[in-house]
1. Taking N as the number of residues in the range 198-256, what is its alpha-carbon radius of gyration divided by 2.2 N^0.38 Å?
2. Where in the range 102-140 does the amide nitrogen come within less than 20 Å of the point 7 Å from the Cα of residue 16, taken along Cα to Cβ?
3. By how many nm would the segment from residue 230 to residue 488 lengthen if fully extended, with 0.36 nm per residue of separation less the alpha-carbon distance?
4. Once fully extended, how much extra length lies between residue 466 and residue 273, figured as 0.36 nm per residue of separation less the alpha-carbon to alpha-carbon distance?
5. With every atom except the alpha carbons ignored, what do you get for Rg and Dmax of the range 69-173, in angstroms?
6. From the square roots a ≥ b ≥ c of the eigenvalues of the alpha-carbon gyration tensor of the range 130-191, which class results: rounded (a/c under 1.5), prolate (a/b over b/c), or oblate?
7. Only counting other Cβ atoms within 10 Å, I'd like 185, 129 sorted with the fewest neighbours first.
8. Roughly how many Å is it from the Cα centre of the range 433-480 to that of the range 180-196, as a whole number?
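No lab work stands behind these numbers, since they all come straight from the coordinates. Since this is a predicted model, take the numbers as computed values, not measurements. Cβ sites come from the backbone with ideal geometry, for glycine too, and all protein chains shown count toward neighbours.
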Amino acid sequence: MRIVVTSSEAVPFAKTGGLADVATGLSRALAAADHEVTLVVPYYPRHVPVDLPCPEIGTTVTVRVGQKVVEAGLRRAELPDSRLRVILVDQPMYFDRPGLYTDQGHDYQDNCERFVFFSRAVLEAVARLDLRPDVIHVNDWQTSLLPLLLEVDYRHQPGLQSTGTVLTIHNLAFQGRFWKWDMLLTGLDWKHFNWRQLEFWGDINLLKSGIVTADLITTVSPTYAREICTTEFGCGLETALGHRGDDLVGILNGVDTDVWNPARDPRLARQYDISNVADGKAVCKTDLQRELGLPARHDAPLFGMISRMTEQKGFDLIAATAERHLQHDLQMVFLGTGQPHYENLVRDLANRYPDKVAAFVGFDEGLAHRIEAGADCYFMPSRFEPCGLNQMYSLIYGTVPVVNAVGGLADSVVDATPAAIADGSGNGFVLAEYSPEALITQVDRAVDLYRDSNTWQQIVRNGMGRDWSWNRSAARYVDVYCRAHGRHAVPHQDG
Ligand code: ADP
Ligand code: GLC
């Protein structure tokens with residue numbers, strides 16, 4: 001198939017979270033399966049690695065955004081060992097900034113304008129480069145206006161008449177909700193400002209426009225697909241989602257195992273696989289403890305957490321229970337950025353327990369890999385979690401996750417009861433409910449079981465033994481793309 005994937009972030013060009021891993025990981029997997037894939041992303045000059053060439057391709061696109069006529073250059077890039085084509089939309093006024101969406105914790109005022117621009121620029125680029133896609137796959141609110149723009153303004157263009165659209169929701173909590181006068185930026189007629197399309201409680205809602213317009217909608221785990229049709233998790237869009245019935249599909253994210261693979265990870269002190277995981281992890285743990293300035297203790301379990309520091313990720317539970325966990329002989333490492341009171345909480349713990357806690361407030365890809373390899377356990381007690389990648393990275397690296405049973409966590413982590421350990425499925429510790437007591441219970445259990453080395457190694461192997469790569473999920477996306485494309489198939493003309 002000819003597939004265009006578009007996203008506001010993609011590794012290694014720019015990343016704030018899992019969306020960036022998924023945009024590239026899925027696109028590469030599709031390209032490896034012989035599809036013709038183009039990934040279109042903004043060009044954020046301050047985020048692209050210096051050693052990654054992104055030459056201009058000598059073509060520009062022109063986009064009208066409200067009263068402005070904005071021109072953008074197009075660049076291209078290649079990724080090692082991949083046939084994936086990457087196109088970057090270069091418009092410094094919108095993308096040459098310190099952050100992707102925020103600066104110092106505040107959203108950019110013109111985020112609506114920036115991503116309306118980008119969504120139109122993608123369609124212009126698709127037409128200009130004559131990509132003739134069977135399907136355009138958009139992701140989250142930033143590109144979610146594209147399906148409606150395609151219907152209203154681009155359907156007649158050659159090569160776009162039979163293009164299907166697929167929207168993936170990575171996080172329903174972010175909807176791209178802006179005041180209604182931003183309608184003027186979209187270039188769409190006010191008739192689309194109604195409760196069945198763009199309007200949401202008097203504002204415009206870009207994600208909603210994608211939910212009602214895209215041919216098919218996916219989200220990043222089967223459990224989250226069910227959850228978002230309920231008032232508890234639907235963030236006000238549960239009715240719109242419920243109306244889509246079978247057009248809403250949950251597909252668990254995969255892992256890009258070229259990037260996250262302990263057997264080939266150049267960032268580790270020792271590479272390892274399931275056959276030598278105990279020895280390999282022991283070396284990585286000592287190395288990590290040295291890097292963190294913690295005592296090199298093999299007997300004390302080391303808990304890691306790499307995360308945006310927000311309520312979503314269960315930091316209120318961590319805050320409520322950390323001191324209690326520290327009554328055990330264990331160590332903890334936190335890497336992340338986010339709400340200032342959580343950043344201060346982990347810094348404070350590290351100051352008060354220098355032999356037990358290390359905290360790094362910032363973004364550090366290399367350290368993230370070394371924590372996944374060197375830690376014994378991983379904290380992910382999220383309040384909600386569309387998919388979550390770090391629990392899967394943990395499972396691949398032989399690090400046992402402690403999770404709440406929501407979204408993709410429920411679809412990837414199986415509680416290590418004696419029966420589940422024995423049948424090969426038990427791979428982590430699952431909270432019975434979202435509460436501090438439930439987290440304490442699971443940490444107590446983990447600390448206990450860690451002393452029983454044979455059982456622990458079995459849990460580790462259960463996690464490592466399953467295929468977490470994109471293989472299966474990419475094939476499911478292809479099915480969804482075929483369905484979406486099928487809705488626009490031009491009838492076959494007989495002589
Ligand atoms: P979300 O996208 O909701 O933040 P995911 O688990 O899907 O959660 O993905 C988060 C991704 O971002 C993972 O690849 C994780 O390792 C990475 N990440 C988050 N915070 C940091 C950080 N401070 N430093 C390095 N990587 C981070
Ligand atoms: C979002 C979700 C996370 C998911 C990621 C990639 O950021 O919060 O659960 O793994 O997108 O799909």
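1. Values: Rg = 11.9 Å, N = 59, 2.2 N^0.38 = 10.4 Å.
The range 198-256 yields a ratio of 1.15.
2. Only 102-122, 138-140 fall inside the zone, counting backbone N under 20 Å.
3. Numbers: separation 258, 0.36 × 258 = 92.88 nm, distance 3.05 nm.
So the extension gain works out to 89.8 nm.
4. On the way: separation 193, 0.36 × 193 = 69.48 nm, distance 1.26 nm.
In short, 68.2 nm is gained.
5. That works out to 14.7, 43 Å for Rg and Dmax.
6. On the way: a/c = 3.24, a/b = 1.31, b/c = 2.48.
In terms of gyration-tensor shape, oblate.
7. Details: 185 22, 129 19.
Placing the least packed residue first, the sequence is 129, 185.
8. Cα centroid to Cα centroid, the span is 45 Å.
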